[in-house]
Amino acid sequence: MVQFKTTGSTRPRSQKKGWLFRLYVAGQTARSIGTFRNLKRICEEYVSVPFKIEVIDVFKSPQLAVLNQIVALPTLIREAPDGPPLRLIGDLSDTEKVLTGLGLRP
Amino acid sequence: MPTKSTNNHKLPKCQTGIRGLDEITAGGLPRGRPTLVCGGPGCGKTLMAMEFLVRGYRDFGEPGAFMAFEEREEELIQNSASLGFDLPRLIREKKLAIDHVHIERSEIEETGEYDLDALFVRLESIIDQVGAKRVALDTVEALFAGLANEAIVRAELRRLFRWLKAKDVTTVITAEQGKGTLTRHGLEEYVSDCVILLDHRVTNQIATRRLRVVKYRGSTHGANEYPTMIDEDGLSVLPISSLNLKYPVSRDFISTGVDRLDTMLNGKGYYKGSSILVSGTAGTGKTSLAAAFVDRACRDGRKSLYYSFEESPEQVIRNMGSIAFDLGQWVRSGLLRFEAARPTLHGLENHLVNLHKLAEQFKPEAIVIDPVTNLTAVGDFREIRAMLTRLIDFLKNRQITAVFTSLSEGGSAMEQSEVGISSLMDTWLLLRMVESANERNRIIYVLKSRGMAHSNQMREFLLTDQGIRLSDVYVGPGTVLTGSARLAQEAKDRQAELEKTQASALRHRELQQEREQLQAQFCAIQERLRGLSEELSVVAGQETERLSAAKEERRQMVTARRAD
């Protein structure tokens with residue numbers, strides 16, 4: 001079982017270059033862990049820029065869910081210096097859709 | 001005790017504080033359960049949800065959590081401010097929490113399985129922030145628009161409603177009405193405890209709102225469509241409050257304002273809390289009679305409300321001044337309140353709610369509606385009748401005596417009131433014009449007055465600069481004389497009377513003279529009689545003397561002759 005560290009606060013956009021993934025999950029459930037694993041795999045395979053993954057547990061920080069308009073879980077928000085944030089929901093099991101959502105497929 | 005145990009098993013209710021809604025739901029929404037409020041756009045769903053929370057704290061001390069899917073917090077605050085709800089203050093005092101949920105489908109890529117745990121977390125968060133007992137979800141259906149996987153949304157909503165029940169919060173869930181269904185997405189399948197339908201329709205260019213309790217599991221409820229309105233105090237529903245005719249009755253009286261009319265009724269006037277219909281054709285003095293009523297009520301220190309559909313307050317005051325009713329003084333002293341509006345200003349319901357509110361705020365003991373027939377401009381007879389039934393029930397419950405004037409059209413039967421409302425009325429006064437000898441004169445009579453032995457007499461109804469005066473009509477063989485014909489007849493009667501008096505005086509004098517003559521004759525005869533008696537006694541004396549003188553002479557002659 002892969003363990004991941006969750007963070008309680010989001011730092012300001014410090015990624016001068018590269019992508020920041022914020023993954024919102026609810027607790028360390030099988031789905032949370034599976035989603036995290038999917039994300040990591042896709043990043044390693046397809047993302048060529050430097051990236052960083054932050055996992056946020058909305059059970060621990062509900063205010064972040066309010067602040068970032070999170071409704072469905074898991075939600076992945078990708079922040080990049082050269083574009084608007086992208087939002088993906090679901091367990092990231094459909095790789096093609098993830099790649100479309102991240103703009104890595106035409 | 002059996003009654004106690006039924007009480008224990010009774011469905012607990014959560015009062016909404018919304019005027020009228022608690023009455024038709026027999027105490028409020030089901031406590032601890034979700035209630036679905038559905039209706040078309042602009043029917044007041046959001047308002048009802050917000051009012052449920054605001055009144056919940058204001059009237060019952062229960063904090064609320066509002067989850068808005070359509071409007072942002074600032075918009076909600078602005079929209080509610082126009083209804084007198086100070087949301088920022090409630091939020092500051094931690095009695096209300098609002099969370100705006102924004103979902104934009106085009107911004108979201110769905111990449112697999114998901115759930116709506118974050119929504120639960122957010123909802124729980126605002127519930128816990130204020131310790132909410134009441135929750136509103138407006139409009140949860142936005143989830144269907146925002147998320148592509150309908151199966152997940154349905155499953156999650158089902159879970160949400162179960163979760164809300166477990167949380168023991170009373171929830172109002174709003175939903176858009178669908179074509180031929182209560183809600184567009186069939187939410188009524190999940191929220192089946194209580195369903196309320198709001199409706200907003202326009203008939204004859206006048207908008208009316210209605211509310212219906214479609215279903216209420218485990219509770220009795222009014223099943224009708226109830227007129228509803230939204231004004232600066234929020235939502236009001238108008239139930240027919242006394243389906244069972246259980247209003248209090250009084251044995252006290254309130255003067256009609258015309259002494260002789262009081263006499264015609266029973267010596268004291270109308271029953272307090274009764275409804276009086278004053279009907280008549282144009283210009284028969286209906287408004288004057290109504291003015292007399294309020295004038296007297298104010299004089300007796302009773303607060304009165306004059307609801308005018310035809311004339312402005314100034315005009316009524318001026319006109320009534322001409323027959324010695326100074327209504328202006330009562331307005332200035334605060335005893336009398338005028339409310340004047342064209343009937344077409346708004347729908348019947350609004351008029352009704354307006355009256356309700358005025359009656360509640362101002363608490364009058366007497367009320368005049370002048371004329372009730374003008375409402376035909378905004379509703380058909382059936383609707384007006386329904387409205388008046390509601391109004392009369394309301395007024396009776398509050399023991400407010402009400403005078404309704406009703407204009408009869410010239411052509412129709414006099415004893416048929418225009419809107420078929422006479423059966424609702426306790427007392428019916430009829431004003432009529434009588435034409436004779438090139439004159440039109442007013443007469444008044446009591447057509448009915450429940451619970452009192454009223455006069456069966458017609459009276460002439462005179463509007464004078466000293467007020468209203470009733471006078472006897474001249475009832476001759478087959479005719480009723482009024483106006484100058486009556487005066488002429490009365491003069492004739494007086495003349496005849498005078499002649500009769502004079503004749504009898506003459507006869508009296510004649511008899512007296514005759515008696516005096518006889519008396520005189522009688523005296524003369526008595527005089528003669530006395531004279532005769534005296535003469536008689538003189539004559540008798542002379543005879544005695546003569547006899548004794550003759551005797552003496554004989555004796556002397558005997559002595560002279562020396563006879564023995």
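The values are calculated or read from the model by the stated rules, or taken from the named source; none is laboratory data. None of these values were measured; they are calculated from a predicted model. Virtual Cβ from ideal backbone geometry, glycine too; neighbours counted across all protein chains shown.
Among (1) surrounded by 14 or more Cβ atoms within 10 Å (Cβ to Cβ); (2) assigned by TED's automatic domain parsing to the domain that holds B:Pro364, there is one condition B:Ala282 misses while meeting the rest; what is its number?
Single failed check for B:Ala282: (1).
Only one of (1) modelled with pLDDT under 90; (2) not assigned by TED's automatic domain parsing to the domain that holds B:Lys272 is not met by B:Met452, so which one is it?
(2)
Within the bounds of the stretch B:240-254, is there any residue that is buried (at least 21 other Cβ atoms within 10 Å of the Cβ) and at pLDDT 85 or above?
Yes.
Given B:Arg31, B:Arg89, B:Arg58, which one is surrounded by fewer than 19 Cβ atoms within 10 Å (Cβ to Cβ) and either under 27 Å from B:His185 (Cα atoms) or of a type in the set (Ser, Thr, Tyr) (or both)?
B:Arg31
Tell me, yes or no, whether the stretch B:54-70 has at least one residue that is more than 26 Å from B:Gly27 (Cα to Cα), without any contact (Cβ under 8 Å) to a residue 40 or more places away in the chain and within 14 Å of chain A (Cβ to nearest Cβ).
No, the stretch B:54-70 has no match at all.
Answer yes if at least one residue in the stretch B:156-171 is away from chain A (no Cβ under 14 Å) and crowded, with 24+ Cβ neighbours inside 10 Å, and no otherwise.
yes
One residue is enough: does the stretch A:29-42 have a residue meeting the conditions in a loop (DSSP other than H, G, I, E, B) and either at pLDDT below 90 or touching a Lys or Arg at 6+ places or on another chain (Cβ under 9 Å) (or both)?
Checked the stretch A:29-42: no residue is in a loop (DSSP other than H, G, I, E, B) and either at pLDDT below 90 or touching a Lys or Arg at 6+ places or on another chain (Cβ under 9 Å) (or both).
Condition first: surrounded by 22 or more Cβ atoms within 10 Å (Cβ to Cβ) and hydrophobic (A, V, I, L, M, F, W, C). Now tell me which residues in the stretch B:131-143 satisfy that.
Once the filter is applied, which keeps residues that are surrounded by 22 or more Cβ atoms within 10 Å (Cβ to Cβ) and hydrophobic (A, V, I, L, M, F, W, C), the stretch B:131-143 yields B:Ala132, B:Val135, B:Ala136, B:Leu137, B:Val140, B:Leu143.
Looking at the stretch B:91-114, which of its residues are touching a helix residue (DSSP H, G or I) at 6+ places or on another chain (Cβ under 6 Å) and not hydrophobic (A, V, I, L, M, F, W, C)?
B:Lys94, B:Lys95, B:Asp99, B:His100, B:Arg105, B:Glu109, B:Thr111
Only one of A:Leu23, A:Leu88, A:Leu76, A:Leu104 is crowded, with 22+ Cβ neighbours inside 10 Å, more than 10 Å from every other protein chain (Cβ to nearest Cβ) and either in contact with a helix residue (DSSP H, G or I) (Cβ under 9 Å, 6 or more places away or on another chain) or assigned to a strand (DSSP E or B) (or both). Can you tell me which?
Within the list A:Leu23, A:Leu88, A:Leu76, A:Leu104, the selection yields A:Leu23.
Test each condition in (1) buried (at least 23 other Cβ atoms within 10 Å of the Cβ); (2) at pLDDT below 90; (3) out of contact with any Asp or Glu (no Cβ under 8 Å at 6 or more places or on another chain) for B:Cys43 and report the one that comes out false.
Result: B:Cys43 fails condition (3) only.
If you go through the stretch B:462-470 one residue at a time, do you hit one that is farther than 30 Å from B:Asp426 by Cβ and under 38 Å from the mean Cα position of the chain (by Cα)?
yes
Counting residues that are within 18 Å of B:Tyr57 (Cα to Cα) and away from chain A (no Cβ under 14 Å), which strands (runs of 3 or more DSSP E) fully inside the stretch B:78-143 reach at least 2?
Where strands (runs of 3 or more DSSP E) fall fully within the stretch B:78-143 and carry at least 2 residues being within 18 Å of B:Tyr57 (Cα to Cα) and away from chain A (no Cβ under 14 Å), they are B:134-138.
Evaluate the stretch A:62-69: report whether one residue or more is under 11 Å from the mean Cα position of the chain (by Cα), within 10 Å of chain B (Cβ to nearest Cβ) and closer than 19 Å to B:Glu113 by Cβ.
no
Is at least one residue of the stretch B:48-60 out of contact with any helix residue (DSSP H, G or I) (no Cβ under 8 Å at 6 or more places or on another chain), at pLDDT 90 or above, assigned by TED's automatic domain parsing to the domain that holds B:Val172 and not in a helix (DSSP H, G or I)?
There is no residue in the stretch B:48-60 that is out of contact with any helix residue (DSSP H, G or I) (no Cβ under 8 Å at 6 or more places or on another chain), at pLDDT 90 or above, assigned by TED's automatic domain parsing to the domain that holds B:Val172 and not in a helix (DSSP H, G or I).
When the residues of the stretch A:91-101 are filtered to those that are more than 8 Å from every other protein chain (Cβ to nearest Cβ) and in contact (Cβ under 8 Å) with a residue 12 or more places away in the chain, which remaining residue is farthest from B:Ile108 (Cα to Cα)?
Selected residue: A:Thr95.
Any idea how many residues of the stretch B:473-488 are farther than 15 Å from B:Met433 by Cα and at pLDDT 75 or above?
So the count comes out to 2.
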